Amino acid sequence: MILVTVGTHTQQFDRLVSAADELAVLIKEQVIIQCGCTKALPVHAKFERFYSPAEMQDLVKQARVVIAHAGAGTALNSLKLKKPLVIVPREKRFGESVDDHQTQLAVGLATQGKAILVESVSAEGLLTAVKKADDIEVSSTSQPQLIQSLRKTLRLMERQIN
Amino acid sequence: MQQILEAFDGHELFFATYYSVREAEVRSLAPAYFTKNIGYNLWRMIKAFPWAFQILRKENPDLVFSMGAEIAVPFIYLAKLMGKKTMYIESWCRVENLSLAGKLVAPVVDEMWVQWPQLAEGKRTRFEGAIL
């Protein structure tokens, strides 16, 4: 199953949703779309605007590949669950985001080899990216260093306050 | 933020954040205050200051922690004026440059981390890994 998600952001992402809907026609594999605040709803693929956090976790776990907007939360979830991630940044010029910061994350992850950046947002473009995603190795991570640093700083602050 | 929460285990928390489809989820974690997404709306940003001030006076936290976005600005500035400790972690999705919120709080916040090495800038912003 391929899961396509545009996150909970309040702007539309019709570009990805319609390409994903076309993808559902192109391939036999099931495509499920979380379409958020999109204007045009899918007609071929199974979809919901939003799933509960538990439902999303389940869907990500069941998915073979996740195609996602380049939102921090969404991308993180997929990577933490070690799912191959295909990433499509929302762009300001299409009214999908307030700025183009998603492109930074998409390029950053692609450069690190952690996700496949989609070149052309179309059914074929998504399919190409999905095939490349099969080759990604999502490595495991131990407790992130940042959390340790945060805990340490909190302890220091506690001592200063008390 | 969800990924970071475990660092605060054992501490009493409350949230101040934006209304969203995840409101119930937030409330299940800790007491929460909500407001409309500030975005680039200057009027909402201005109104956020008295709102934040009321909350900080009522709750009197020892520490104000934020990962942005715009809501960080009133809370961190007011917290500093009220003698509270402040921390900010730039969102993992900021790779090449700081968010506007990050730039605004950097001069006053006590501790600030970024999650990509290219963003770290001497003493003011530290890179000590990311949440993934």
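The values are calculated or read from the model by the stated rules, or taken from the named source; none is laboratory data. It should be emphasised that the depicted structure is a prediction, and the values quoted were computed from it without experimental measurement. Glycine gets a Cβ as well: all are built from the backbone with ideal geometry, and neighbour counts include every protein chain shown. Side chains are part of the model used for accessible areas, which takes the heavy atoms of the whole protein and leaves out ligands, DNA and RNA. Shrake-Rupley method; radii C 1.70, N 1.55, O 1.52, S 1.80 Å.
General remarks:
- Beta bridges per DSSP with both ends in the protein assembly as shown, % antiparallel, nearest 5: 5 percent
- Cross-link reach is defined here as a Cα-Cα straight distance under 21 Å, omitting same-chain residues fewer than 8 places apart; for A:Lys39 the lysines meeting it are A:Lys92.
- Between A:Glu158 and A:Lys132, the distance separating the two model label sites (each 7 Å from Cα on the Cα→Cβ line) works out to 4.6 nm.
- Label point distance in nm, B:His11-A:Ala40, each placed 7 Å from Cα along Cα→Cβ: 4.7 nm
- In terms of the mean number of neighbouring beta-carbon atoms within 10 Å, the peptides B:100-108, B:83-91 order highest first as B:83-91, B:100-108.
- Normalised by residue count, the protein assembly as shown yields a Cα convex hull volume of 127 Å³ per residue.
- Reachable aspartates and glutamates from B:Lys123, criterion Cα separation under 14 angstrom, eight or more residues apart if same chain: B:Asp110, B:Glu111
- Per-residue [θ]222 nm for the protein assembly as shown (sum of -39500 (n - 2.57) over DSSP H runs n ≥ 4, rounded to 500): -11500 deg cm²/dmol
- When restricted to Cα atoms, the stretch A:10-124 yields an Rg and a Dmax of 13.3, 36 Å, respectively.
- 17 Å cut-off, amide nitrogen to a point 7 angstrom out along A:Arg151 Cα→Cβ, residues in the stretch B:6-32: B:6-12
- Working ranking of peptides A:40-50, A:85-95, A:67-77 by packing, defined as the average number of other Cβ atoms within 10 Å per residue, highest first, is A:67-77, A:85-95, A:40-50.
- Cβ-defined net charge surrounding A:Cys35, 11 Å radius [Lys, Arg +1; Asp, Glu -1]: 0
- Candidate lysines for bridging to A:Lys82, where Cα separation is under 21 Å - those fewer than 8 sequence places away on the same chain excluded: A:Lys61, A:Lys114, A:Lys131, A:Lys132
- Normalised by 2.2 N^0.38 Å, where N counts its residues, the alpha-carbon radius of gyration of the stretch B:14-77 equals 1.06.
- Cut-off 13 Å between beta-carbons: net charge of the residues surrounding B:Leu56, Lys and Arg +1, Asp and Glu -1: +3
- Counting Cβ atoms of other protein chains within 10 Å of each residue's Cβ and taking the mean over peptide A:70-83 gives 3.
- Take the accessible area of B alone and of A alone, subtract that of the pair with a 1.4 Å probe, and the total buried over both chains is about 3100 Å².
- Residue by residue along A:146-159, Cβ atoms of other protein chains within 10 Å of the local Cβ number 6 on average.
- Within 10 Å of each Cβ in B:82-95, the average number of Cβ atoms from other chains: 4
- In a reduced charge model with +1 at each Lys and Arg Cβ and -1 at each Asp and Glu Cβ, the protein assembly as shown shows a dipole moment near 660 debye about its Cα centre.
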